[in-house]
Amino acid sequence: MTPIKDMNWMQVEQYLKTDDRAVLPLGSTEQHGYLSLCVDNILPEKLAHEVAAQSGVPVFPVLPYGITPYFRGYPGSLTLRVQTYLSIVRDLLDSLYEQGFRRILIVNGHGGNTPAQGFVGEWMADHPGGRVKFHNWWNAPQTWAKVMATDPNASHASWMENFPWTRLAGVQMPDEEKAALDFDILRLLGPQELRGYLGDGNYAGKYQRSDSDMLSIWDVAVAETKALLDGGWAENVFIEKGQQQ
């Protein structure tokens with residue numbers, strides 16, 4: 001892998017003579033029940049490093065704060081306003097484009113960041129030749145299918161985010177399965193109300209499954225994400241006159 005932290009500016013300049021791809025992970029610092037507050041940072045950054053390992057594509061540090069106002073009732077959960085967040089994403093993409101990066105894979109680890117998914121279409125329209133893929137890694141088609149095949153009762157802060165690298169030393173997981181909560185109610189609650197309704201932070205499902213189950217899911221996620229990085233950038237698409245719909 002090629003983390004930016006292990007490169008100097010001259011090496012990046014040399015890289016850009018042969019390739020224009022980059023990976024930008026997006027995360028969030030927020031409650032995940034008994035798991036690390038940085039689950040949504042750990043997973044997209046690790047995934048980005050693994051998928052870029054064979055290609056040498058630079059991986060930028062994860063943006064560790066996202067849009068998570070509903071979790072403000074949980075200590076340690078920090079949020080950005082939507083307009084602030086979109087401004088940050090815009091500035092990062094502008095900087096990458098200015099320096100010569102043209103194909104940018106965003107590996108997103110937090111569902112609350114999805115306003116940025118709509119924004120990238122606007123950004124591309126204003127930056128000729130710029131391509132951005134916004135990848136919600138956990139619910140991408142193949143990965144989500146693997147999760148559902150493993151256990152359909154899965155959600156935020158449950159077993160589906162409990163990997164060996166998101167657990168905390170000395171923290172014991174409850175040995176139970178939590179019934180799914182009503183999302184229609186969840187969406188109406190303020191931060192303190194949400195905490196009262198949600199409790200420990202797990203939305204639904206068991207708290208932990210076997211490492212073999214989790215590594216099988218991770219392998220699918222890596223392969224699915226790597227395919228996005230390696231192909232399908234529409235580099236040579238031209239629409240002839242008369243072919244436009």
Which whole-percent values make up P(r) of the chain when all C-alpha to C-alpha distances are grouped in 10 Å steps starting at zero? 7, 29, 34, 20, 8, 1, 0
Among L24, Q192, A169, whose Cα sits farthest toward the positive end of the charge dipole of the chain (+1 at Cβ of Lys/Arg, -1 at Cβ of Asp/Glu, about the Cα centre)? L24
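Enumerate by residue number the trypsin sites (Lys or Arg not before Pro) in the range 9-95 meeting two conditions: DSSP loop (anything except H, G, I, E, B), and at most 15 other Cβ atoms within 10 Å of the site's Cβ. Present the calculation step by step, with values, prior to reporting the outcome.
Values: sites: K17, R21, K46, R72, R81, R90; in loops: K17, R72, R81.
Sparse-neighbourhood loop trypsin sites (Lys or Arg not before Pro): K17, R81.
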Dividing the helical contributions, -39500 (n - 2.57) per DSSP H run of n ≥ 4, by the residues of the chain yields a 222 nm value, nearest 500 deg cm²/dmol, of -11500 deg cm²/dmol
How big is the gap, in Å, between the Cα center of the range 184-221 and the Cα center of the range 64-128? 23
From the phi of every residue in the range 147-155, what ³J(HN,Hα) in whole Hz does the Karplus formula 6.51 cos²θ - 1.76 cosθ + 1.60 yield, where θ is phi - 60° and glycine or proline is x? 4, 5, 5, 7, 5, x, 8, 8, 6
Ranked list, fewest to most other Cβ atoms within 10 Å of each Cβ, for S55, S155: S55, S155
Indicate, rounded to the nearest 5 percent, the antiparallel portion of the DSSP beta bridges found entirely in the chain. 15
Burial order of peptide ranges 131-139, 194-202 (average beta-carbon count within 10 Å, highest first): 131-139, 194-202
Longest DSSP-loop-exposure-free segment, GluC sites (Glu not before Pro), the chain, at most 12 other Cβ within 10 Å: 1-175
Sorted by Cβ neighbour density within 10 Å, fewest at the top, the residues S87, S77: S87, S77
Using each residue's phi in the range 15-24, evaluate 6.51 cos²θ - 1.76 cosθ + 1.60 at θ = phi - 60° and report the 3J(HN,Hα) Karplus result to the nearest Hz, with x for Gly and Pro. 4, 5, 6, 10, 8, 10, 8, 8, 10, 10
Please report, in debye to the nearest 20, how large the charge dipole of the range 2-230 is about its Cα centre when each Lys and Arg carries +1 at its beta carbon and each Asp and Glu carries -1 there. 260
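Each reported figure results from applying straightforward, stated rules to the coordinates on display, with no laboratory input. What you see is a predicted model; the values in this text were computed from it and never measured. Ideal geometry is used to build each Cβ from the backbone, glycine not excepted, and the neighbour counts take in all protein chains shown.
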